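Asker: Before I ask anything, here is the structure I am working with.
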Amino acid sequence: MSMPAVQFHFDFGSPNAYFSHKVIPAIEQRTGARFEYVPILLGGLFRLTGNRSPAEAFAGIRNKPEYGKLEIRRFVEKHGLHAYQHNPHFPVNTLQIMRGAVAAKLEGGFESYVETVFAAMWEQEKKMDDPAIIEQVLRDAGPDGARILERMSDPLVKETLFKNTQQSFDRGAFGSPTFFVNDEIYFGKDSLRDVEEEIERVKAS
């Protein structure tokens, strides 16, 4: 059995990244694979690709936004994600909290940081581009949060986030969430079934 390398390229500003994050543990349990979380900056990726957020790209298109809300409701019901709340401040500038994710990988406490920030964004409706709110959320999370705050301005953290985003683009990414199973790329929460099937295919090969 050959276990593939599986990556989840994410930005906290994407609700679909939040949904994927909540579903990933069940896929890991079923397959035995471990998803490597790779923080990227969605705004940077959009600049590299010329892409725009769905809210911006599809503004003014009749019926599509309504269908998007229906799709979210179905996903929430299917997976029991009833803590989800649409963030009224969306879209937010995620530069600082994505730097924080990189800092958490360097400092330790990454999994806790990811849970805290995803919850603040998509369950607690926090304005996570407000420095005062970011500080409050992280300090409330405990000693690790305070340490991560200090490292957000570290040049190594900034450079790592930049490199992650560039490498994601170089591999074909154009948005968040993006998944890689070895070298196969998948985009969006609706591709998670395909991601799981590819994991199992590689394991069986």
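Asker: Here are some residues: R62, R47, R74, R34. Which one is touching a strand residue (DSSP E or B) at 6+ places or on another chain (Cβ under 8 Å) and without any contact (Cβ under 8 Å) to a residue 60 or more places away in the chain?
Answerer: Details: R62 fails: touching a strand residue (DSSP E or B) at 6+ places or on another chain (Cβ under 8 Å); R47 fails: touching a strand residue (DSSP E or B) at 6+ places or on another chain (Cβ under 8 Å); R74 fails: touching a strand residue (DSSP E or B) at 6+ places or on another chain (Cβ under 8 Å).
None of the other options fit; the residue is R34.
Asker: Residue check: is V195 of a type outside the set (D, E), within 16 Å of A17 (Cβ to Cβ), part of a helix (DSSP H, G or I) and touching a residue at least 60 places away in the same chain (Cβ under 8 Å)?
Answerer: Criteria met by V195.
Asker: To continue, here is another question. What do you reckon, is L81 surrounded by fewer than 19 Cβ atoms within 10 Å (Cβ to Cβ), part of a loop (DSSP other than H, G, I, E, B), aliphatic (A, V, I, L, M) and touching a residue at least 40 places away in the same chain (Cβ under 8 Å)?
Answerer: So L81 passes the test.
Asker: Filter the stretch 91-111 down to residues that are farther than 14 Å from L41 by Cβ and within 14 Å of the chain's Cα centre (by Cα) and give me whichever is surrounded by the most Cβ atoms within 10 Å (Cβ to Cβ).
Answerer: We begin by selecting, within the stretch 91-111, every residue farther than 14 Å from L41 by Cβ; these are 104-111.
Add one more test, that the residue is within 14 Å of the chain's Cα centre (by Cα), and what stays is 110-111.
Details: F110: 18, E111: 10.
Ranking the candidates gives F110 first.
Asker: Okay, moving on. Just the residues that are among the acidic types (D, E) and either free of Cβ contacts under 8 Å to residues at least 12 places away in the same chain or not in a loop (DSSP other than H, G, I, E, B) (or both), please, taken from the stretch 146-182.
Answerer: E150, E159, D170
FYI, it's all coordinate maths here, none of it is from the lab. Quick caveat: nothing in here was measured; it's all calculated off a predicted structure. Backbone-built Cβ (ideal geometry, glycine too); neighbour counts: all protein chains shown.
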